[in-house]
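Down below is the structure, laid out as structure tokens.
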Amino acid sequence: MFAALLALSLLFSPMPQSIDPPWYAATRLPARGEVTFYGPGVMENVYHLRLERAQVPYCDRPACVGYIATLRPGDLGRKVWLDVPGIGVEGPFLVVDYAAAKDFERLRRRGLIAEVDNVTARRWGMARPIYDVIMLAEGPLIMHRQLLPLVLIQ
């Protein structure tokens, strides 16, 4: 009887759930959520500091269309693409910054997936966060087919 009560109490008691993946790991992509932006020049300063410390690869514009911060340090140096409602897919963006561990859970619950540099925010006409953005590990594959007239050889 005691074992049955213990099993029921374990079954119905709230268990703390672990965050998957944890803060220090890379984000599982694709990820969907909110994107906001840094102030003018801030992301570029972070990029140059990380570059000096050899924490990110060189990927200046136009090779990378911009820079972003994600929630996790495991993303640092990663290239990602953003599929933005009404704009389409842009990238690659170089991940040059990440959220502090103390802010991670609050931002994750809010649904934030990234912050873009101010140049990108201005190009997109951002005055507030954009929702339902999809962060991708790879850009879309564009296939071009040239249609040639069919010539029959007799």
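Where a number appears in this text, it was derived from the coordinates with a stated rule and is not lab data. Given the structure is predicted, the values throughout are model-derived calculations rather than measurements. Note that we place each Cβ from the backbone using ideal geometry, even for glycine, and neighbour counts take in every protein chain shown.
Each of D132, D97 was scored by other Cβ atoms within 10 Å of its Cβ. Listed from fewest to most, they are D132, D97.
Report D for segment 20-136 in µm² per second (integer): Stokes-Einstein, Kirkwood Rh on Cα pairs, 4 °C, 1.567 mPa s. Using the Kirkwood radius from Cα pairs, D works out to 93 µm²/s.
Taking all Cα pairs closer than 8 Å and separated by 6 or more residues, the relative contact order of segment 20-136 comes to 42 percent.
Modelled this way, with points 7 Å down the Cα-to-C-beta line, the labels at L136 and K102 are 3.8 nm from one another. Each residue in E138, E44 was given a count of other beta-carbon atoms within 10 angstrom of its own, and listing them fewest first yields E138, E44. Each Lys and Arg adds +1 at its Cβ and each Asp and Glu adds -1 at its Cβ; summed about the Cα centre, segment 72-137 shows a dipole of about 180 debye. Note on A25/R123: beta-carbon distance plugged into 1/(1 + (r/R0)^6) with R0 of 35 Å gives a FRET efficiency of 0.70. Going from the residue with the fewest nearby Cβ atoms within 10 Å to the one with the most, I68, I134 rank I134, I68.
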